[in-house]
């Protein structure tokens, strides 16, 4: 489960930001997750809570927001890919991404992010 190592990095960032701002408690952590980032928010939250035990983030609440994929094509197209079937697995989905204008392969430029969007501290 790679979510644990991702959660470690996120929690380090949260605790560093809290320390820089002389916080005594972290109340809420908001995380943005790219839809094609290969991250399960439920598992990530479990890991964050586990890692946060014994820290000022021990009782923090979490919220997760998905970031939609964005693509860019050599023909000049920039935007969202065409919708595909939800039954596709991630690899099939990424391979199936083509430009809605010209039909050529595209570069994925968004939707793979995993970032702490905000933290609420006291």
Report task. Among the residues of region 94-122, write down those that are within 30 Å of residue 58 (Cα to Cα) and either modelled with pLDDT under 90 or in a strand (DSSP E or B) (or both). Result -> 114, 115, 116, 117, 118, 119, 120, 121
**Report entry** Whichever residue in region 1-40 is assigned to a strand (DSSP E or B) and closer than 26 Å to residue 69 by Cβ and, among such residues, is modelled with the lowest pLDDT
**Finding:** 34
**Report entry** Yes/no for residue 35 being in contact (Cβ under 8 Å) with a residue 40 or more places away in the chain and farther than 15 Å from residue 121 by Cβ
**Finding:** yes
Query raised in the report: Restricting to region 31-65, what's the tally of residues that are under 11 Å from residue 114 (Cα atoms) and in contact with a strand residue (DSSP E or B) (Cβ under 6 Å, 6 or more places away or on another chain)?
Result: 10
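The values are calculated or read from the model by the stated rules, or taken from the named source; none is laboratory data. What you see is a predicted model, and the numbers here were worked out from it, not measured in a lab. Here the Cβ is made from the backbone with ideal geometry for all residues, glycine too, and neighbour counts use every protein chain on show.
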